[in-house]
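Enquirer: The structure follows.
The values are calculated or read from the model by the stated rules, or taken from the named source; none is laboratory data. None of the values given here were measured: they were computed from a predicted structure. All Cβ positions, glycine included, derive from the backbone under ideal geometry; neighbour counts span all protein chains shown. Only protein heavy atoms, including side chains, enter the accessible area calculation; ligands, DNA and RNA are left aside. Shrake-Rupley method; radii C 1.70, N 1.55, O 1.52, S 1.80 Å.
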Amino acid sequence: GAVVSQHPSRVICKSGTSVKIECRSLDFQATTMFWYRQFPKKSLMLMATSNEGSKATYEQGVEKDKFLINHASLTLSTLTVTSAHPEDSSFYICSAVRGGATGELFFGEGSRLTVL
Amino acid sequence: AQSVTQLGSHVSVSEGALVLLRCNYSSSVPPYLFWYVQYPNQGLQLLLKYTSAATLVKGINGFEAEFKKSETSFHLTKPSAHMSDAAEYFCAVSLSGGYNKLIFGAGTRLAVHP
């Protein structure tokens, strides 16, 4: 099956620093990727839709200046948490669409961010 | 607006027993519905999906789900639980009618004991 990889799988950073998380589709091209945030023992919350070559579309309540998304190529989307604070600590999961607008969705293995 | 409700945040069954995980949805348009499984510190894996074809959908690992429009339900079942089924299960509905932009339920943690 299709593989989506995230890096790093775990990251610990100090408050006020920025952290970049990568999401790669390893064996297919993805014009669309999604970023989700999962709080402990909670469900996944859609943060934004990442479109290759254009600006990301953010869901209501998600700060676009806090969570910078770049989708510079058909196999890579990055999420940068800027000026991270402890409340940004979470599990971030990306997904990539294979096969166009109604294509199948594949999820990365997630990245756990801990902000001290 | 679409939404998903999963009844029971924790379900515990004995190995070999029936697994029933409940999911009810709300959608203003014919929904696409999904069940995903998540193992600890991993991403999500698709178990099965309903896309307006057959109402009884068979998925991987012996799981199946039945779409019941009258009950707005899409419950997940497996006749005989295995220890390896212990995981978090998420029901999801598609916003756009396709596979991609999903709204997830809160999840149900399945425990399987000997």
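Enquirer: Which net charge results for the neighbourhood of residue A:4, defined as the other residues with beta-carbon distances under 15 angstrom from its beta-carbon, given Lys and Arg at +1 and Asp and Glu at -1?
Expert: The answer is -3.
Enquirer: May I ask you to derive the FRET efficiency for residue B:82 and residue A:10 from their Cβ-Cβ distance with R0 = 30 Å, giving the value to the nearest 0.05? Before the final figure, lay out each step's value.
Expert: Working: r = 29 Å, r/R0 = 0.97.
So the FRET efficiency works out to roughly 0.55.
Enquirer: If I model a spin label as a point 7 Å beyond the Cα along the Cα-Cβ vector, how far apart are those points for residue B:68 and residue B:56 in nm?
Expert: 1.4 nm
Enquirer: Once the piece of chain linking residue B:106 and residue B:28 is laid out straight, how much longer is it, given 0.36 nm per residue of separation minus the C-alpha distance between them?
Expert: 26.1 nm
Enquirer: In a shell of Cβ-Cβ distance under 15 Å around residue A:41, excluding residue A:41 itself, what net charge do Lys and Arg (+1) and Asp and Glu (-1) give? Can you show the working numbers first?
Expert: Values: positive: A:37, A:42, A:112, B:109; negative: B:88.
Result for the local shell: +3.
Enquirer: Now for a separate question. Rounded to the nearest 20 Debye, what is the dipole magnitude of the protein assembly as shown about its Cα centre when Lys and Arg each give +1 and Asp and Glu each give -1 at the C-beta? Walk me through the numbers on the way to the answer.
Expert: On the way: 20 positive and 16 negative charges, 37 e Å.
Value, rounded to 20: 180 debye.
Enquirer: Taking 0.36 nm per intervening residue step and subtracting the Cα-Cα distance, what contour gain separates residue A:60 from residue A:114 on full extension? Mind dumping the intermediate values first?
Expert: Working: separation 54, 0.36 × 54 = 19.44 nm, distance 2.38 nm.
Answer, rounded to one decimal: 17.1 nm.
Enquirer: How big a patch of accessible area, both sides summed and in Å² to the nearest 100, lies buried between B and A at a 1.4 Å probe?
Expert: Details: alone 5960 and 6430 Å², together 10850 Å².
Using a 1.4 Å probe, the pair buries roughly 1500 Å².
Enquirer: Is the protein assembly as shown best put as rounded, prolate or oblate by its Cα gyration tensor, with a ≥ b ≥ c the root eigenvalues, rounded for a/c under 1.5, and otherwise prolate when a/b is larger than b/c, oblate when not?
Expert: Judged from the Cα gyration tensor, the protein assembly as shown comes out prolate (a/c at least 1.5, a/b above b/c).
Enquirer: Among all the lysines, which ones have a C-alpha under 19 Å from residue A:41's C-alpha, if same-chain residues fewer than 8 places away are not counted?
Expert: Cα-Cα hits under 19 Å: none found.
Enquirer: Which is farthest toward the positive dipole end of the protein assembly as shown among A:15, A:54, B:79, measuring Cα position about the Cα centre, with Cβ charges +1 (Lys, Arg) and -1 (Asp, Glu)?
Expert: Result: A:15.
Enquirer: State, to one decimal in nm², a quarter of the convex hull surface area for the C-alpha atoms of chain A, i.e. the direction-averaged projected area. Present the calculation step by step, with values, prior to reporting the outcome.
Expert: Values: hull surface 27.2 nm².
The orientation-averaged projected area of the Cα hull of chain A comes to 6.8 nm².
Enquirer: Return the single residue from A:80, A:17, A:31 with maximal mean-square fluctuation; model: Gaussian network over chain A, springs between Cα atoms under 10 Å.
Expert: The residue with the greatest mean-square fluctuation here is A:17.
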